[in-house]
Amino acid sequence: MKTASLTNAIVYKEDKPNIQPLLETPFSKEIRIIFKAGQIMKEHTAPGAIVVEIFEGTIDFGVEGKIHRVVKGDMLTLDAKVPHDLKAIEDSIVRLTLAKKDTVNRVFSVVR
C-alpha cells in the first residue's frame, strides 16, 4: 500500500505553479499542482490520456482554444496530444493523473 495527501505540506510559489509528485502506482503517476490566483500553465499536450481533478479553487481550463471554467470537485479527462492550458482564477489545488509512461519532468517543463 502507498499513501499520499493532497492537503499536507501545501506551498504556494510566488512565481509559478508548484508541481509536486505524490505517488506512483503500477499504472499511473499522481501529481499535485498548487496555483496562486493568476498563475498559468502555458498550452501544452500530454503523450497519454490524463485525468484532472480540481481539489480546491477555480481554474479556467483551455482546450484547443475554448475556455472551460472548472471548480472544486470537478474532474475531466483528455485524450493524448490534446492541446490545453490552465489559469488559476483563485488559489487552487489540482490533482493530475498521468499515464505510467509519461514523465513528471515533462510537467515541470510546462511551467519553466
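None of the figures in this text is laboratory data; all of them are computed from the coordinates on show. Please read these numbers as outputs of a predicted model, since none were measured by experiment. Heads up, the Cβs are rebuilt from the backbone with ideal geometry, glycines too, and the neighbour counts pull from every protein chain shown.
Values for this structure:
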{"item": "Failed criterion for residue 56 (all others in (1) more than 14 Å from the chain's Cα centre (by Cα); (2) under 22 Å from residue 9 (Cα atoms) hold)", "result": "(1)"}
{"item": "First in segment 58-86 and more than 18 Å from residue 111 (Cβ to Cβ), second anywhere and surrounded by 13 or more Cβ atoms within 10 Å (Cβ to Cβ) and hydroxyl-bearing (Ser, Thr, Tyr), Cβ under 6 Å, 6 or more apart", "result": "71/58; 81/45"}
